[in-house]
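The values are calculated or read from the model by the stated rules, or taken from the named source; none is laboratory data. None of these values were measured; they are calculated from a predicted model. Neighbour counts run over all protein chains shown; Cβ positions are idealised from the backbone, glycine included.
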Ligand SMILES: [Fe+2]
Ligand SMILES: [Fe+2]
């Protein structure tokens, strides 16, 4: 089943190209955007006018959409959870300055950190958020931690990150699109630049998996099947607000995101299809018998899930989140 030696060898082979991956999929620190590029500048004479405009537009935002934006921000702010998880993956070594993979994770984390930074500053300024409640949820989310079900297996982890980076791309992009439709072009721009980062990151992780499929197709197929069978746990799964148990808020947040069409069950299926196409699952050959069974399962899975998703309904009643100032 789990062939530690082969997997670590594959990770070592890929590691030789990490500098190239960083060049290809990440952006140099000196040229990448920073949160302050998109926020009102408190040292400028225009600050109070820009702040007023920002606050007026935030007040007009649809409740579910606004709540989804807050939840997306909290999800980004739980970055310590994701970084510490990934640093523990087999083949990633932080010792002596870190191997190539550790450097990749650090550089990726540096880019990701700007997302929560930008959104939380926006939300602080917008005057519609109960910041203390939002901060409590963030602290809980980091403190509660999350088991993404990959153990320290690099193949499973790269399936997870391929899925998640694509999901966050969808989510930020949609919030941006809806913000733009209601005339909130500045927020739209913020979401768009974050979504573009997520798209680059998704490309990177999908590329790593493609390379693993070339080197170790059967084990990679089994890892993909494993992750799809157990379903991808969303990073905000354990979300709660003050006074609640871990995970108590998740369904309400997920319902709000579905109601405003920012992230739906259909998106889950579409991402799965996207990964199946990207990795040309149907055409991979040279598989062991068990891996062939996994391949058959994967190819049929989107259609099976579609039937289930078509029958699912989202409650139409809005849930009152403590994050939003009444
Ligand atoms: Fe992000
Ligand atoms: Fe991301």
Tell me, please, whether a residue that is in a helix (DSSP H, G or I) and within 18 Å of the chain's Cα centre (by Cα) can be found in the range 244-252.
yes
Within the range 83-115, residues being farther than 18 Å from residue 151 by Cβ, in contact (Cβ under 8 Å) with a residue 24 or more places away in the chain and either surrounded by 17 or more Cβ atoms within 10 Å (Cβ to Cβ) or in contact with a helix residue (DSSP H, G or I) (Cβ under 7 Å, 6 or more places away or on another chain) (or both) number 12
Residues in the range 97-118: is at least one assigned to a helix (DSSP H, G or I), over 22 Å from the mean Cα position of the chain (by Cα) and more than 24 Å from residue 193 (Cα to Cα)?
yes
Of all residues in the range 4-58 being surrounded by 13 or more Cβ atoms within 10 Å (Cβ to Cβ) and assigned to a loop (DSSP other than H, G, I, E, B), the one that is nearest to the chain's Cα centre (by Cα)
26
Does residue 62 meet the test of being more than 17 Å from residue 205 (Cα to Cα) and modelled with pLDDT under 95?
no
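This table checks each residue for (1) surrounded by fewer than 23 Cβ atoms within 10 Å (Cβ to Cβ); (2) closer than 29 Å to residue 288 by Cβ.
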{"position": "157", "(1), (2)": "no, yes"}
{"position": "162", "(1), (2)": "no, yes"}
{"position": "171", "(1), (2)": "no, no"}
{"position": "175", "(1), (2)": "no, no"}
{"position": "186", "(1), (2)": "yes, no"}
{"position": "200", "(1), (2)": "yes, no"}
{"position": "212", "(1), (2)": "no, yes"}
{"position": "217", "(1), (2)": "yes, yes"}
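Yes or no, residue by residue, for (1) out of contact with any helix residue (DSSP H, G or I) (no Cβ under 7 Å at 6 or more places or on another chain); (2) in contact (Cβ under 8 Å) with a residue 24 or more places away in the chain:
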{"site": "239", "(1), (2)": "no, yes"}
{"site": "244", "(1), (2)": "yes, no"}
{"site": "252", "(1), (2)": "yes, yes"}
{"site": "295", "(1), (2)": "no, yes"}
{"site": "298", "(1), (2)": "no, yes"}
{"site": "308", "(1), (2)": "yes, no"}
